[in-house]
Amino acid sequence: MQANIRSYAKINLALNVIKKISNFHKIESIVSFISLHDEILIKRIISKNHIIFFTGKFSKNIGKINTVSNLLSILDNKKLLKNKKFKIKIKKNIPVQAGLGGGSMNAASILNYLIKKKIVRINQKQIVDICKLVGSDVVLGLNSTNTIINYKDGIKRFANDKKIYTLIVKPTIGCSTKRVYSKLRKFNKPKFNKPNKQMFNLNFLKKMTNSLEPIVFSMHRKLKNIKFFLERSTCAEFVRMTGSGSALVAYFYSKEKCDNAKRHFNKKYKNYWCISSKTI
């Protein structure tokens with residue numbers, strides 16, 4: 001038994017931190033998925049242990065303990081795999097410490113596969129509980145479609161009828177989610193209590209923010225300069241950091257404008273990673 005799985009990157013089109021309870025932050029966010037993806041090869045093996053390894057440009061510095069190893073450990077401990085072992089190879093095309101959710105989406109994609117193949121048999125509540133044990137945003141990757149999270153932990157999905165073109169830019173620096181949130185002192189009032197499809201309209205999104213941006217920009221002024229360049233030098237509808245950074249996303253209605261922006265950016269910042277993509 002062998003399968004190839006695509007694990008898509010997520011982007012936060014808007015993000016508000018509402019409050020902090022103990023060490024956990026309650027957020028609301030408008031989320032889409034883009035065509036940029038990691039490639040996962042999963043194969044059943046006869047072995048005492050799972051084998052997990054990473055390849056690709058962004059595979060460096062991924063430790064032996066990661067979201068995928070955590071997922072398999074949880075499934076083993078709950079005896080849900082019934083002693084079945086797997087060899088998992090992940091080609092990392094999604095940058096790490098970028099706010100693109102690469103690791104979390106890897107875990108979600110693998111869990112999805114195991115459920116669909118009836119290797120793991122659990123109900124919806126158990127699925128959500130396992131996702132939360134692995135990571136706070138793993139549950140998003142169970143369905144790679146437009147999603148709105150409200151601060152009461154409600155998740156509502158929407159069909160993506162209109163594709164948005166995106167230019168994703170990541171400099172050499174990475175951002176630790178834990179460190180970024182530890183510096184947060186100001187909180188926002190809820191804005192997405194009544195989720196609806198119109199919230200994915202770029203005209204609505206232009207007025208929104210990512211409340212983590214000021215913190216990250218104070219830590220890494222370089223990112224603020226890049227955002228300024230993208231806003232002033234391209235035809236982007238708007239530019240915003242995704243998640244806790246460090247990736248910035250410029251949004252476009254047309255592929256032509258997005259591709260032109262990529263060429264323009266590459267001339268200015270030759271050593272920075274950037275890719276044009278679109279929502280799926």
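The values are calculated or read from the model by the stated rules, or taken from the named source; none is laboratory data. A quick note: this is a predicted structure, and the numbers were derived from the prediction, not measured. Every residue, glycine as well, gets a Cβ built from its backbone with ideal geometry; the counts of neighbours run over all protein chains shown.
Select from the stretch 54-69 the residues that are of a type in the set (A, V, I, L, M, F, W, C), surrounded by 14 or more Cβ atoms within 10 Å (Cβ to Cβ) and part of a loop (DSSP other than H, G, I, E, B) and list them in ascending order. Steps first, answer last, please.
If we filter the stretch 54-69 for residues that are of a type in the set (A, V, I, L, M, F, W, C), which is where we start, we get 54, 58, 62, 65, 68.
Subset that is surrounded by 14 or more Cβ atoms within 10 Å (Cβ to Cβ): 54, 58, 62, 68.
Phe58, Ile62, listed by residue number.
Conditions tested, residue by residue: (1) under 28 Å from Ser104 (Cα atoms); (2) over 19 Å from the mean Cα position of the chain (by Cα).
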{"site": "Phe217", "(1), (2)": "yes, yes"}
{"site": "Arg221", "(1), (2)": "yes, yes"}
{"site": "Ser233", "(1), (2)": "no, yes"}
{"site": "Ala247", "(1), (2)": "yes, no"}
(message) If I go through the stretch 156-174 residue by residue, how many of them are at pLDDT below 95 and within 16 Å of the chain's Cα centre (by Cα)?
(response) 1
(message) Filter the stretch 133-155 down to the residues that are within 17 Å of Lys26 (Cα to Cα), surrounded by fewer than 16 Cβ atoms within 10 Å (Cβ to Cβ) and under 15 Å from the mean Cα position of the chain (by Cα) and list them by number.
(response) Ser136
(request) Among residues belonging to the stretch 19-38 that are of a type in the set (A, V, I, L, M) and closer than 19 Å to Gly135 by Cα, point out the one that is modelled with the lowest pLDDT. (result) Ile21
(message) If I filter the stretch 128-151 for residues that are assigned to a helix (DSSP H, G or I) and touching a Phe, Trp or Tyr at 6+ places or on another chain (Cβ under 9 Å), do I get at least one hit?
(response) yes
(request) Go through the stretch 174-195 and count every residue that is more than 14 Å from Gly245 (Cβ to Cβ) and touching a residue at least 24 places away in the same chain (Cβ under 8 Å). (result) 9
(message) Taking the criterion of being of a type in the set (Phe, Trp, Tyr) and touching a helix residue (DSSP H, G or I) at 6+ places or on another chain (Cβ under 6 Å), would at least one residue in the stretch 83-97 satisfy it?
(response) no
(request) Can you confirm whether the stretch 73-82 contains a residue that is touching a residue at least 24 places away in the same chain (Cβ under 8 Å), in a helix (DSSP H, G or I) and crowded, with 21+ Cβ neighbours inside 10 Å? (result) yes
(message) Against the condition under 26 Å from Asn160 (Cα atoms), touching a residue at least 12 places away in the same chain (Cβ under 8 Å) and surrounded by fewer than 17 Cβ atoms within 10 Å (Cβ to Cβ), how does Leu202 come out, does it pass?
(response) yes
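Do the conditions hold for Ile5, that is, is it part of a loop (DSSP other than H, G, I, E, B) and surrounded by 15 or more Cβ atoms within 10 Å (Cβ to Cβ)?
On the way: part of a loop (DSSP other than H, G, I, E, B): no; surrounded by 15 or more Cβ atoms within 10 Å (Cβ to Cβ): yes.
No; evaluated as a whole, the condition is false for this residue.
Filter the stretch 228-272 for residues that are part of a helix (DSSP H, G or I) and among the small types (Gly, Ala, Ser); which is surrounded by the fewest Cβ atoms within 10 Å (Cβ to Cβ)?
Step one: filter the stretch 228-272 for residues part of a helix (DSSP H, G or I), giving 228-233, 255-268.
So of that shortlist, the ones also among the small types (Gly, Ala, Ser) come out as 233, 261.
Details: Ser233: 13, Ala261: 24.
Once the filter is applied, the top-ranked residue is Ser233.
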(request) Take Lys118 and decide whether it is over 30 Å from Lys84 (Cα atoms) and either assigned to a strand (DSSP E or B) or assigned by TED's automatic domain parsing to the domain that holds Glu39 (or both). (result) no
(request) Could you check how many residues of the stretch 39-53 are over 18 Å from the mean Cα position of the chain (by Cα) and either buried (at least 17 other Cβ atoms within 10 Å of the Cβ) or at pLDDT below 95 (or both)? (result) 3
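Here are Leu202, Leu184, Leu212: which of them is more than 14 Å from Asn16 (Cβ to Cβ) and either at pLDDT 95 or above or aliphatic (A, V, I, L, M) (or both)? Explain how you work it out, then say what you get.
Numbers: Leu184 fails: more than 14 Å from Asn16 (Cβ to Cβ); Leu212 fails: more than 14 Å from Asn16 (Cβ to Cβ).
Testing whether each residue is more than 14 Å from Asn16 (Cβ to Cβ) and either at pLDDT 95 or above or aliphatic (A, V, I, L, M) (or both) leaves just Leu202.
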